[in-house]
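The values are calculated or read from the model by the stated rules, or taken from the named source; none is laboratory data. Everything numeric here is computed off the predicted structure, so don't read it as measured data. All Cβ positions, glycine included, derive from the backbone under ideal geometry; neighbour counts span all protein chains shown. For accessibility, only protein heavy atoms count, side chains too; no ligands or nucleic acids. Shrake-Rupley method; radii C 1.70, N 1.55, O 1.52, S 1.80 Å.
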Amino acid sequence: MGCGESKQKINSLPKLKVKPDIPKKLDNKEIEIKVCLLGDVSVGKTSIASRYCKNTFSDLYINTIGGAYQQQSVTLNNGTKIRLHIWDTSGQDRFRSMTNLYYQDAQVAILTYDVTNEESLESLNYWLEQLNNKVEVDNMILCLAGNKIDVEASKKVISTSKGKAFAEENNMIFFETSAKTGAGIKELFQAIAVKAYELMKNK
């Protein structure tokens, strides 16, 4: 896909509110939350979004240029409906300045790593530094997703306990996921919806 075509596609997507506060519930309509997926190339961010929104998975690697958009609704136990606007961002270094445009008005960031790649977890410190001020000022919700847990045990180099420790240290919701099998995907986004609703209610 050429850059010109990609830019046209992005511009045609629905515009989201720039204001970073958790949106209030309007009448009986859905609460709208913007979610941004961050992380290195090939950790499976696109696959996580596709599995959750479309219940599909492809082994074919597709490089995201800028950001790709999908959406899905969640109904909480109390009947509240929350629409998640999910942006999958490019993990390539040359697109990082563009990525800032996608997460600057997001209420939730899912930092994703590949459980078979130690470096993919370490590189998330970059995104934590970028998001640090936003988390404190805007009460941004941070999540950590350890993806590709469907691999053989011998290929998993980042243990569950290490991922959990990283999440606890940085006050993040933690889930291990598999976009391939769907394991942990719905639970991750359900937890996000619940947390977002709690923050909105408390405000």
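For segment 159-175, name all the residues that are closer than 21 Å to Phe57 by Cβ and open to solvent by less than 40 Å² (accessible area, probe 1.4 Å). Walk me through how you get there before you give the answer.
Step one: filter segment 159-175 for residues closer than 21 Å to Phe57 by Cβ, giving 175.
Listed by number, the list is empty, since nothing qualifies.
Consider only pairs whose beta carbons are under 6 Å apart and that are at least six residues apart or on different chains; among these, list those whose first residue lies in segment 181-203 and is modelled with pLDDT of 95 or more and whose second residue is surrounded by 15 or more Cβ atoms within 10 Å (Cβ to Cβ) and among the basic types (Lys, Arg).
Pairs that qualify, where the first residue is modelled with pLDDT of 95 or more and the partner is surrounded by 15 or more Cβ atoms within 10 Å (Cβ to Cβ) and among the basic types (Lys, Arg), are Gly182/Arg51; Ile185/Arg51.
Looking at Glu198 and the list (1) among the acidic types (Asp, Glu); (2) part of a helix (DSSP H, G or I); (3) open to solvent by less than 70 Å² (accessible area, probe 1.4 Å), which single condition is not satisfied?
Just one mismatch for Glu198, condition (3).
Could you please find all residues in segment 135-153 being closer than 14 Å to Glu118 by Cα and open to solvent by 40 Å² or more (accessible area, probe 1.4 Å)? It would help to see each step written out before you state the result.
Our first condition is that a residue be closer than 14 Å to Glu118 by Cα; within segment 135-153, this holds for 145-149.
Result: Lys148, Ile149.
Kindly provide the set of residues from segment 131-164 that are outside any helix (DSSP H, G or I) and among the polar types (S, T, N, Q), ordered by number.
So the first thing to find is which residues in segment 131-164 are outside any helix (DSSP H, G or I), and the list is 139-152, 156-159.
Residues satisfying the conditions are Asn139, Asn147, Ser159.
Please go through segment 22-45 and give me each residue that is at pLDDT 90 or above and open to solvent by less than 50 Å² (accessible area, probe 1.4 Å), ordered by number. Outline the logic, then answer.
From segment 22-45, those at pLDDT 90 or above are 31-40, 43-45; that's our starting set.
Hits for segment 22-45 are Ile31, Ile33, Lys34, Val35, Cys36, Leu37, Leu38, Gly39, Asp40, Val43, Gly44, Lys45.
Can you pull out the residues in segment 74-130 that are charged (D, E, K, R), part of a helix (DSSP H, G or I) and modelled with pLDDT of 90 or more? Even if it seems obvious, please write down each step before you answer.
In the first step, residues of segment 74-130 are kept if they are charged (D, E, K, R); the result is 81, 83, 88, 93-94, 96, 105, 114, 118-119, 122, 129.
Within this subset, residues satisfying the condition of being part of a helix (DSSP H, G or I) are 93-94, 96, 118-119, 122, 129.
Once the filter is applied, which keeps residues that are charged (D, E, K, R), part of a helix (DSSP H, G or I) and modelled with pLDDT of 90 or more, segment 74-130 yields Glu118, Glu119, Glu122, Glu129.
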